[in-house]
Every structure is written in structure tokens, then in C-alpha cells.
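Chemist: Just dropping this structure here.
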Amino acid sequence: MRQSTTARIAIAIVASIAALCAVAVGSASASTSTICTDANGKNVRVVEGTKACGNGRLRTLINVSGVAGNTGPAGPAGATGAAGPAGAPGTASATGAVGPTGSDGATGAAGIAGATGDVGATGAAGATGSAGATGAAGATGPTGATGPTGTAGSIVGNSGDGNAAATRYLSFASKDSNVSEALRSAPMPTTGTFSHLYISIEAVFTGGGSSYVYTVRKNGVDTALTCTILVSTTTCNDTANSVTFAEGDLFSLSIVPAGSPTGNPKSVFTARLVG
């Protein structure tokens, strides 16, 4: 059976390749060969290298690799790639046994004081304790306000006789009158105000238009506190006027006759004294 031209060319190429491989086994490098054949697949020729074939011939280049050489040095590391996506969460493991209690830690700083709580109910009264020692006297306090006016006091005086011809003087608690004021002037034992002077005599006297004038005197000077007993009467009073005495001022009561009174009536006087 006759072979086709294409089959003959293929067989020739395979044979040439086998020959080239046998040559390349002993070589450590790749080699290139040229296969030349005519149009009908006859006269196949293998030429080493890349030489040209003659006119009318087919030219085929074949590279045959030799034995692999030694591995070269590693090249530089490439840039780190982008991080991959997070993996799915793993399955939780079972809870382990409780470990032993650790030692107490250091005491922490005191916290902020809390709000004051509500006042609790009052407890029952305790037993009365024994009396303590008397403390030292405290400082004297300020003077208090002036109290209300006290109850009015009174003074009383009298005379054992009268004298129709001369001025005479009385004092409180005096035994009788005297023409000497110095002998009937008494110092006031306290500060006070005299008022409400009342005079009475033991009997009426006569003498038309006559009278006796009674006047409270302070330190030998007449004051506004005065009254007059007229003839045929036995009393007089002055409740409108008053006079203030300081402690130590001299008090006396003058009896001054006016006109020509007759007789020597005894006189008694009272007055209010407010300190």
C-alpha cells in the first residue's frame, strides 16, 4: 500500500526529532535544528542550526531542550498580598472548672460619701445620769431693759406747832417745825419724783383773808409743788405738779403765813414718791 505525501513527511519529521533528542541527551543546553524535505516527503535532511533549505524544499525548525540546569538563586520576595476574609467563628468550648479563690487584693480608695439618710425614729429616753459638777460662773450678761415703773411710795411729815407770825419749815418724820430751814432739810436717800402733795391741819384758824401756803423746796429753792389752806378750811392739795429729786438733794417743806391768821394749828403732810 502506498503512503501519502503528508504521512511520509510526518514520519520523516518524527525520525528527525528522535535523532535530535538522542543528540540533546548528552548536552546541558537546548539546541535548534532545521528539517528539510521535498514536496513529496522524500529526501528528508536534518541540518543543525537554523540554516536555509534548497529551492523547492520544506523547512521545519525544531527546538530540543537539553537536561535542566541547576536551580538559580531565589528572586526577591513579592509584596504581601491583601488579607483574606475572616474565618467563621469556632465552636465555643465547654466551660472549665472554677479555679481556686485568689488572695484578697489591696483595699481600694474610699468611695464618695452617700446621701444622708432619713432621720430615724426617736429612741426611748435613757435613764437620768448623775448630776455633774457645778461649772464655773459665766460672764456677766448685758444689762436688761428697764422694768416697768414700780408702785408709788409715800412720805409723811408733821409739826408739833404752828406760828402765825413767821415762816417755818418741816421735813419728813420731823417732830415739829422750825424757823431754821437748815435744821429741817433732809437729804434724799434715793432718786425719785414727788407729786400728789396733801396738807391737813388739826383745827381751823381765823383772820379775814388769811391763809397758809405750803411749798416743797429742793436744795433751799421753791418748786412748783405747792398748795394753800384758806381761812375756815383745814386741807389743801396739789395733784397737778411734780418735782424730781436726785439722791442726796435736800428736801424741806415751807409753811408761809399770809395775812394775819390766828392760832397755832399743827400740820401734817403726805406726798407720793416714785423712784
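The values are calculated or read from the model by the stated rules, or taken from the named source; none is laboratory data. The shown structure was predicted, so the numbers you read here are calculated from the model rather than taken from an experiment. Glycine also receives a Cβ, built like all others from the backbone with ideal geometry; neighbour counts cover every protein chain displayed. When the accessible area is computed, the model is the full protein with side chains, heavy atoms only, and any ligands, DNA or RNA have been set aside. Shrake-Rupley method; radii C 1.70, N 1.55, O 1.52, S 1.80 Å.
Chemist: Could you pull out the residue among PRO187, PRO148 that is modelled with pLDDT of 90 or more and closer than 30 Å to LEU273 by Cβ? Before you say what the answer is, go through the steps one by one.
Modeler: Values: PRO148 fails: modelled with pLDDT of 90 or more.
Of PRO187, PRO148, the one residue that is modelled with pLDDT of 90 or more and closer than 30 Å to LEU273 by Cβ is PRO187.
Chemist: Which of the residues spanning region 154-180 are open to solvent by 40 Å² or more (accessible area, probe 1.4 Å), outside any loop (DSSP other than H, G, I, E, B) and modelled with pLDDT under 75?
Modeler: Passing the criteria: SER154, VAL156, ASN158.
Chemist: Here's a follow-up. Scanning for something under 19 Å from SER180 (Cβ atoms) and part of a loop (DSSP other than H, G, I, E, B), does region 218-229 turn up at least one residue? Before the answer, list the steps.
Modeler: The first filter runs over region 218-229 and keeps only residues under 19 Å from SER180 (Cβ atoms), leaving 218-222.
Okay, now just the ones that are also part of a loop (DSSP other than H, G, I, E, B), so 219-220.
Within region 218-229 (the criterion being under 19 Å from SER180 (Cβ atoms) and part of a loop (DSSP other than H, G, I, E, B)), the answer is yes, since at least one residue qualifies.
Chemist: So how many residues does region 244-275 have that are over 21 Å from GLY192 (Cβ atoms), surrounded by fewer than 18 Cβ atoms within 10 Å (Cβ to Cβ) and among the hydrophobic types (A, V, I, L, M, F, W, C)?
Modeler: 2
Chemist: Looking only at region 181-190, decide whether some residue is among the small types (Gly, Ala, Ser), open to solvent by 20 Å² or more (accessible area, probe 1.4 Å) and assigned to a loop (DSSP other than H, G, I, E, B).
Modeler: yes
Chemist: Of all the residues that make up region 195-213, how many are at pLDDT below 95 and among the aromatic types (Phe, Trp, Tyr)?
Modeler: 2
Chemist: Can you tell me how many residues in region 92-128 are open to solvent by less than 100 Å² (accessible area, probe 1.4 Å) and over 43 Å from the mean Cα position of the chain (by Cα)?
Modeler: 5
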